[in-house]
């Protein structure tokens, strides 16, 4: 493992980075280029409901110094993995008696494998991303990347002490961007973090970590804030037709494209199909 994970920036070498367009990865690309590496940016299209313009993201990476920037459409694979998770009862997982949506972990598996496969096409064999040492993502991307490319090396800016010393916080990263002529204004920091894709959304960290806090502070981007008095949920009848275990029609409309049919994608409107609900920190499920 020590030979696989690089603690210092590889100078004059290609380094692929999973690029979201957010402050962390934007500052990382600019910093890596200024320090002498050759960054390549890869953005995963996972059908995120909170992303309105995917095509603009790679363009930003090029502005910040990426040698090449690509948008990788991961939706078909994500749809297939989501249905597979449903079929084997893995869409919701339970740990220590609490239930957790598996949507983000599934998305990480698809992102890690498909972006590393795209990197191989460009002869890029060093992976980087914006995950820190404090969460699950650093381990997920490490393992999924090696499954796709056993020769893969890992470089993460947040494991590089020089990067941390120079750009250790959001204000430092924002100032760094502005120093080099990029008017990158920090968005207001929310009381929690959100990860989303076409399968669903999870909210975690920050204020949600406190036991005296809860889901009532969340503004759902997928699902229904059923705890609010002003939110009314009308009942609807939804019909799904399956053939050989696969959904092929929704409310009488047949689909040949798995992404268009994908139950999760359509059920944003229906709210409750396939147990589409909100789970409290205590693990209690509420239909929404």
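Couple of notes before you dig in:
- Exactly one residue out of 99, 104 is part of a helix (DSSP H, G or I) and out of contact with any helix residue (DSSP H, G or I) (no Cβ under 8 Å at 6 or more places or on another chain): that is 104.
- Subset of the range 240-253 [farther than 18 Å from residue 84 by Cα and exposed (fewer than 10 other Cβ atoms within 10 Å of the Cβ)]: 252
- Exactly one residue among 54, 64, 42 is surrounded by 15 or more Cβ atoms within 10 Å (Cβ to Cβ) and without any contact (Cβ under 8 Å) to a residue 24 or more places away in the chain, and that residue is 54.
- The listed residue being free of Cβ contacts under 8 Å to residues at least 40 places away in the same chain, assigned by TED's automatic domain parsing to the domain that holds residue 160 and surrounded by fewer than 21 Cβ atoms within 10 Å (Cβ to Cβ), out of 99, 113: 113
- Of all residues in the range 173-199, those satisfying the criterion of being at pLDDT 85 or above and either under 15 Å from residue 22 (Cβ atoms) or surrounded by 14 or more Cβ atoms within 10 Å (Cβ to Cβ) (or both) are 173, 174, 175, 176, 177, 180, 182, 195, 196, 197, 198, 199.
- Hits in the range 144-172 - residues which are surrounded by 12 or more Cβ atoms within 10 Å (Cβ to Cβ) and either without any contact (Cβ under 8 Å) to a residue 24 or more places away in the chain or over 23 Å from the mean Cα position of the chain (by Cα) (or both): 162, 164, 166, 168, 172
- Criterion (surrounded by fewer than 20 Cβ atoms within 10 Å (Cβ to Cβ), within 25 Å of residue 171 (Cα to Cα), in contact with a helix residue (DSSP H, G or I) (Cβ under 7 Å, 6 or more places away or on another chain) and in the same structural domain as residue 125 (by TED's automatic domain parsing)) met by exactly one of 16, 36, 21: 21
- Filtered residue count, the range 24-45, keeping only those that are modelled with pLDDT of 95 or more and under 14 Å from residue 115 (Cβ atoms): 7
- Strands (runs of 3 or more DSSP E) within the range 227-288 that include 2 or more residues modelled with pLDDT of 75 or more: 240-243, 246-250
The values are calculated or read from the model by the stated rules, or taken from the named source; none is laboratory data. Just so you know, these numbers come straight off a predicted model, no measurement behind them. We place every Cβ from the backbone using ideal geometry, glycine too, and count neighbours over all the protein chains shown.
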